[in-house]
Amino acid sequence: MPSSIASLPERLRSKPTSFLGWSEFRDPMLVGSMARSGYDAVLLDQQHGFHDGASCIAGISEAALAHTPVLVRVPVGDFAQAARMLDFGAAGIVVPMINSADDARKFISFVKYPPIGQRSFGPGRDMQLRGINAEEDYLTMANTASLAIVMCETQEALIALDDILAVPGVDGVLAGPGDLSIALCEGRTFDPNGEAVQSAMRHIANRTRAAGKFACGFAGTVEGARRLAQGGYHLVAAGYDGGIICDAFTATLAQASA
């Protein structure tokens, strides 16, 4: 089977902006529908979504049928789960609440092989999906083909951003405007589209690109996704499956009853 997983870094480098389908619902058929719709990649969310290890394994396999790579966002601090998802074929890991270079180094130690990290070897399913038979061939490509993406969503992370980006093995940053909004106003309001957040989003994209890493961002709306694309983000999520489905239900009923 031709590999789609290994192509994610190349996909991100091949055009100004790639688009990410964000999956909270654990049904693998829904993941497959997102993959076949044309997204460059699909993210399976264990942090705030309904996904767990088993649903991610099923979703990765379903997306592979559409030759679409999958990212997995793991719960806060669950680096062992991050390594496990790579073993089962995730093209990369998104890890939340990385607030310092030390946090980043600990994460990298789980998801990169020596000499960068200390990832334990056991990627049987990942090797199958990538079409690799020899362990030595897998080791040659694994550290560059499997993406390690840290989230920037706190004031501490913003201050330490350059230091985090300098950690060997960090491949990119995903900006979370919701948590950034709460952090920047010290919990007074939720305004991910406010100017303070947008300024921080521009700063994250600029510093990440300057470090030669992938700038990734979540947008809750199509307009927000366009803004991130215009702002230099390599990978942009426009909404998520739950919101998109509810909007489709509402639009269909409105059209039927008009």
*Which value in deg cm²/dmol, rounded to the nearest 500, describes the helix-derived mean residue ellipticity at 222 nm for the chain, given -39,500 (n - 2.57) per DSSP H run of n ≥ 4 and division by the residue count?*
-14500 deg cm²/dmol
_Karplus-derived HN-Hα couplings along the stretch 112-119 (A = 6.51, B = -1.76, C = 1.60, θ = phi - 60°), whole Hz, x at Gly and Pro_ = 10, 7, x, x, 7, x, 9, 4
_Full-extension gain in nm, M141 to R226, via 0.36 nm per residue minus C-alpha separation_ = 27.3 nm
*asked:* For the stretch 59-217, place one equal point scatterer on every Cα, skip the solvent, and apply the Debye formula. What is log10 of I(q)/I(0) at q = 0.11, 0.17, 0.20 Å⁻¹?
replied: -0.45, -0.96, -1.20
*For the chain, modelled as a Gaussian network with Cα springs under 10 Å, which listed residue fluctuates most, H67, H48, H203?*
H48
*Given a Förster radius of 45 Å and the C-beta distance between A54 and T189 as r, what FRET efficiency does 1/(1 + (r/R0)^6) yield to the nearest 0.05?*
0.75
*Taking H as built 1.01 Å from N, whose amide H comes closer than 5 Å to the amide H of T221, not counting residues under 5 places away?*
G239
*Rg/Rg_ref, the stretch 193-248, where Rg_ref = 2.2 N^0.38 Å and atoms are Cα*: 1.19
*Any chance you could check the Cα centroid distance between the stretch 46-101 and the stretch 160-221 for me, in angstrom?*
20
*Could you give me the percent of Cα pairs per 5 Å distance bin for the stretch 1-122, shortest bin first, beginning at zero and ending with the bin that holds the maximum distance?*
2, 12, 22, 23, 20, 15, 6, 1
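Readers should treat all values here as calculations from the given coordinates under stated rules, not as data from a laboratory. Everything numeric in this text was worked out from a predicted model, so none of it was measured. Positions of Cβ are generated from backbone atoms using ideal geometry, with glycine treated the same way; all protein chains shown enter the neighbour counts.
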